[in-house]
Structures are given as C-alpha cells and as structure tokens.
C-alpha cells in the first residue's frame with residue numbers, strides 16, 4: 001500500500017528524529033526541523049516518537065491514500081481539507097489537499113505505522129546534500145509512491161476505534177500547537193558564542209538590538225538573517241571549529257547565519273552566539289521574511305527552557321495517550 | 001594559528017571520551033583546535049560541570065598514545081591532467097613542473113587533522129612546504145567527487161560533487177563517503193595517509 005503524491009508543494013521530504021553519532025565523520029544529525037511538531041504528529045496517530053513523517057514547507061501537497069489511513073498534520077497551521085492537529089481517518093482513494101501555511105512554515109504529516117522506508121545509518125531522514133535517506137535521498141515529486149505499512153487499513157481502523165471523543169472521521173479535541181509563532185518578531189534566547197568577545201561592543205549591541213528577518217536564501221542547512229550587517233572581529237582568522245544546531249555564525253559579509261538541522265559539523269566563521277536548543281523548533285517555524293530578535297541568557301536558563309519545553313511536550317503527549325485509552 | 005600538537009591532543013582526548021561511551025553524549029567531535037561534546041538535550045545535569053569532570057577523569061586515566069588514534073590509510077591518486085585542472089597553475093606558482101608537483105605531493109606523510117565541511121571531507125597536514133599556494137580566487141561551483149586538492153599547508157579530498165575553492169591536482173577512484181557502507185567514511189581524524197600514484201588506465205580499472 002502506498003500514498004501517492006499528486007502535487008508535491010514546496011520542499012516535501014521524509015524526516016524522523018535524525019541520525020546521531022556521526023558528527024565526527026562530518027555528518028550532521030539532520031532530521032525534522034521542528035522535532036516537537038513531529039513528536040505530536042506521531043503521537044496523534046498512535047506511533048512511537050522515532051517514526052518518520054512527511055515534512056512540508058510553506059506550501060503543502062495533494063496526496064492520495066491507497067487504503068484507509070489514520071493521519072495527523074501538526075506544526076504550522078496549513079489550509080487543508082482535513083482538520084489539523086488531530087487524528088483523521090482518511091478513506092481509501094480520497095484526496096487530501098494541503099495548501100498554504102497561514103501561521104508557521106513547517107508541517108509534519110504522520111501516518112499510522114510510520115513510513116516503512118529502509119533506514120540509512122539508523123535513520124529515515126532525507127539528507128539532501130548527501131542525496132541519501134528518506135525517499136531516494138531527495139525531495140518528493142509528483143507521482144511518487146510512498147510506502148505505508150502492509151496492514152495500514154486494519155491498523156488505522158483499530159487505532160481510530162480506540163480514540164475517545166470521535167466526530168465522524170476525526171475527533172472533537174486537538175493537540176496544542178507548541179511551536180507555531182503567535183506574533184513576530186519571535187524572541188530567541190542565546191548564550192554567548194565562542195567568539196562573542198572578539199566582536200566590539202557596538203557590534204554586540206547591534207546583534208542583540210536588531211530585529212532580524214529570515215532571508216530568502218535560507219534552507220535546511222541554515223537560516224541567513226537580513227538586517228544591518230555586523231562588523232566582523234578585528235583581529236585574526238578563526239581556526240575551523242566544531243559547530244552545533246543553533247550556532248550563529250558571522251561570515252565576512254556580516255549577515256549572520258543560524259545553523260539548522262542539516263548544518264555543517266565544523267565551520268571557520270566566528271560564532272557570535274548559540275541559540276538555546278528549546279528555541280530552535282520555533283525558529284524552524286519562520287518562513288523567509290519572518291522576523292526575530294535575540295535575548296541573552298546563560299547555560300542555566302537554557303537548561304530550564306529545555307526542561308520547560310520537555311514538560312509541555314510530555315503533557316501534550318500524555319493527553320493524547322489518554323484519548324487513546326492508554 | 002594551527003598547532004599540530006594541540007590538534008593531536010584534541011584527537012587523543014576525543015578517543016578517550018568516546019571510549020567511555022557515556023550514554024548522554026551523542027557525538028564527540030574533534031576539530032582543528034577544539035573538541036565538541038554534543039549532549040542529549042534531555043540530560044538534566046549541569047552540562048558545563050559534567051563535561052569538565054569527564055575531561056578531568058580522562059586525563060587522569062591517561063589518554064591513548066597518538067599512534068593508537070586513527071589508522072594507516074593508503075589512497076590511490078591519479079595526477080593525470082584530466083583529473084588535475086589546477087596542476088599547471090600550481091606548478092607555475094611554485095616554479096615546479098606539474099610532474100614535480102605530483103611527486104612532491106605523493107611523497108609526503110599526511111595526517112587527518114579534522115573531518116568537516118561535508119561528510120567524510122578530510123583536512124590533512126603534511127603537505128610539502130614548496131607546494132604552499134593560496135585558495136583559488138573564485139571557487140568552482142562543482143568540484144568532481146574524489147578530487148584531491150591543496151591550499152595553504154593542507155590537502156583535502158572532496159567526498160562528493162560540491163562547491164570548493166581549493167586547487168585540484170588529482171583524483172582518487174576510492175569512494176570517500178558512502179552512507180550505505182558499514183564504515184561510511186574512508187577517513188577519521190588522526191588517520192595517517194599515504195598516497196599511491198596511479199595511471200589514468202589504473203584509475204578507470206577501479207570498480208565503480
């Protein structure tokens with residue numbers, strides 16, 4: 001059984017939680033840009049958190065399901081002919097139309113049983129620069145057939161039958177969208193980067209005072225920030241050092257780059273800041289033109305933010321499990 | 001800026017940390033002059049303290065000897081002009097013949113300083129001082145897979161076709177990075193690399 005792509009939208013790929021343990025070989029973890037929304041979508045269809053889903057970007061696809069399939073769409077708020085943020089039992093042969101993201105930029109469409117694609121290095125995530133993982137290592141196209149689990153109809157019906165508060169082919173309740181931006185500019189917490197002190201005081205202040213916007217040439221590797229260009233550090237070349245999800249690099253042209261899921265594992269540009277892990281999924285929900293600003297924090301606050309996000313997600317996951325009668 | 005002793009120390013420390021197999025560390029990444037420990041985001045300890053303690057413990061227990069970090073890797077490389085679009089320019093800049101550039105490049109003993117920039121992309125020290133040339137003024141939009149290139153005091157191999165600004169002086173028929181292999185990367189930091197010059201005919205004879 002498969003789901004067919006009738007219209008691919010913009011940049012639709014297969015993603016899961018990513019492949020860890022290969023950064024020493026130059027391979028980033030990759031995976032969902034917004035892992036929080038992925039976790040919610042998986043939970044809504046009764047999956048474990050390590051299943052792969054479709055990552056949609058800004059404009060969603062038209063999909064046709066070859067069998068009755070339990071699906072859920074989370075993350076950005078897309079125009080769609082299905083209710084979002086909740087489980088929906090789609091009938092065999094029915095067209096699911098997903099249009100523009102009205103709030104946020106990335107959506108996750110999970111299906112019951114996950115996407116049974118052969119993992120590469122322990123993950124089904126598509127790594128576009130390396131042309132591997134996911135569906136043939138590439139963005140999905142019109143006509144692609146994505147595999148569903150063999151017993152998809154029975155599994156979907158069985159799971160749907162367990163759900164409380166049913167209303168036709170969906171339910172009356174929904175999961176909270178935890179990462180879609182309420183209003184812009186969004187606030188991102190940063191700690192000082194390794195080279196923060198090398199920038200002069202004016203540049204440091206400009207970095208924190210500027211309302212930045214996501215530049216059009218941003219992608220899964222990194223978000224380029226438009227705004228007043230920053231003056232680079234006066235002295236010396238930077239020795240290429242390790243980078244991280246959320247590292248903010250300042251290349252010679254002064255336009256900062258925030259490293260996202262498919263980032264390079266090392267970099268030779270000075271790093272002015274590091275975005276707190278808990279804030280990266282919200283950043284992933286900004287489309288080009290989306291606005292943000294930075295506020296300084298420290299490691300302790302960053303850890304508290306991480307714990308608070310974990311608790312909000314766990315609370316939502318427990319709520320969904322309860323609806324399944326678990 | 002680059003200190004080879006610091007680099008070797010970073011690799012020894014990385015090996016020691018990695019060998020401990022701490023479950024809350026997802027990645028241990030040695031770079032040119034620094035080491036990154038990537039923590040599981042659900043780890044609830046005070047990361048800075050825990051990391052400092054871990055490093056201290058590794059130091060106390062003793063780091064592996066440099067010769068026990070990395071392996072010996074022999075890399076066939078063809079310096080034929082078809083694979084070496086920049087070898088004449090390098091020859092002109094260094095007042096050597098293209099053949100001498102190839103001979104001097106192949107003669108060196110190299111060490112992998114860091115994997116970075118792209119999966120499997122190895123930066124190596126050990127280049128003959130006579131072959132020191134700057135990067136190209138304009139990077140190429142696509143460098144062919146397996147290209148062996150030099151700039152400043154280092155040499156690299158491009159693991160797949162990506163943009164790059166180093167001077168291409170040869171190509172290896174080996175697959176540098178393949179995600180479907182048990183060992184996806186031909187190189188890891190600390191490897192000692194020797195080149196084996198091959199002819200264009202031998203290059204073509206390698207299994208694809």
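Odds and ends about this structure:
- Breaking point among (1) within 16 Å of residue A:192 (Cβ to Cβ); (2) surrounded by 19 or more Cβ atoms within 10 Å (Cβ to Cβ); (3) touching a residue at least 60 places away in the same chain (Cβ under 8 Å), for residue A:296: (2)
- Residues in the stretch B:11-28 that are without any contact (Cβ under 8 Å) to a residue 40 or more places away in the chain, surrounded by 15 or more Cβ atoms within 10 Å (Cβ to Cβ) and either within 9 Å of chain A (Cβ to nearest Cβ) or under 18 Å from residue A:25 (Cβ atoms) (or both): B:18, B:25, B:26, B:27, B:28.
- Test for residue B:85: is it more than 14 Å from chain A (Cβ to nearest Cβ), in a loop (DSSP other than H, G, I, E, B) and at pLDDT 95 or above: yes
- Residue count, the stretch A:127-143 (criterion: within 13 Å of another protein chain (Cβ to nearest Cβ), crowded, with 21+ Cβ neighbours inside 10 Å and within 18 Å of the chain's Cα centre (by Cα)): 3
- Scan of the stretch A:254-267 for residues that are away from every other protein chain (no Cβ under 13 Å), in a loop (DSSP other than H, G, I, E, B) and in contact with a strand residue (DSSP E or B) (Cβ under 9 Å, 6 or more places away or on another chain), ordered by number: A:255, A:256, A:260, A:261
- Residue match in the stretch B:29-40 (condition: within 14 Å of chain A (Cβ to nearest Cβ) and free of Cβ contacts under 8 Å to residues at least 12 places away in the same chain): yes
- Flag if residue B:69 is within 14 Å of chain A (Cβ to nearest Cβ), touching a residue at least 40 places away in the same chain (Cβ under 8 Å) and in contact with a helix residue (DSSP H, G or I) (Cβ under 6 Å, 6 or more places away or on another chain): yes
- Scanning the stretch A:196-252 for residues that are assigned to a strand (DSSP E or B) and closer than 22 Å to residue A:293 by Cβ gives A:212, A:213, A:214, A:222, A:223, A:224, A:225, A:226, A:247, A:248, A:249.
- Number of the condition not met by residue A:241 [criteria: (1) crowded, with 23+ Cβ neighbours inside 10 Å; (2) over 17 Å from the mean Cα position of the chain (by Cα); (3) modelled with pLDDT of 95 or more]: (3)
- Considering only residues in the stretch A:138-164 that are closer than 19 Å to residue A:82 by Cα and touching a helix residue (DSSP H, G or I) at 6+ places or on another chain (Cβ under 7 Å), the one that is modelled with the lowest pLDDT turns out to be A:164.
Every residue, every condition in (1) farther than 14 Å from residue A:274 by Cβ; (2) more than 13 Å from chain B (Cβ to nearest Cβ); (3) touching a residue at least 40 places away in the same chain (Cβ under 8 Å), yes or no:
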| position | (1), (2), (3) |
| --- | --- |
| A:196 | no, yes, yes |
| A:207 | no, yes, yes |
| A:210 | yes, yes, yes |
| A:226 | yes, yes, no |
| A:230 | yes, yes, yes |
| A:233 | yes, yes, no |
| A:237 | yes, no, no |
| A:252 | yes, yes, no |
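- Residue within the stretch B:127-134 that is in contact with a helix residue (DSSP H, G or I) (Cβ under 6 Å, 6 or more places away or on another chain) and in a strand (DSSP E or B) present: yes
The values are calculated or read from the model by the stated rules, or taken from the named source; none is laboratory data. Keep in mind it's a predicted model, so treat the numbers as computed, not measured. With ideal geometry, Cβ positions are generated from the backbone for all residues, glycine too; neighbour counts draw on all protein chains shown.
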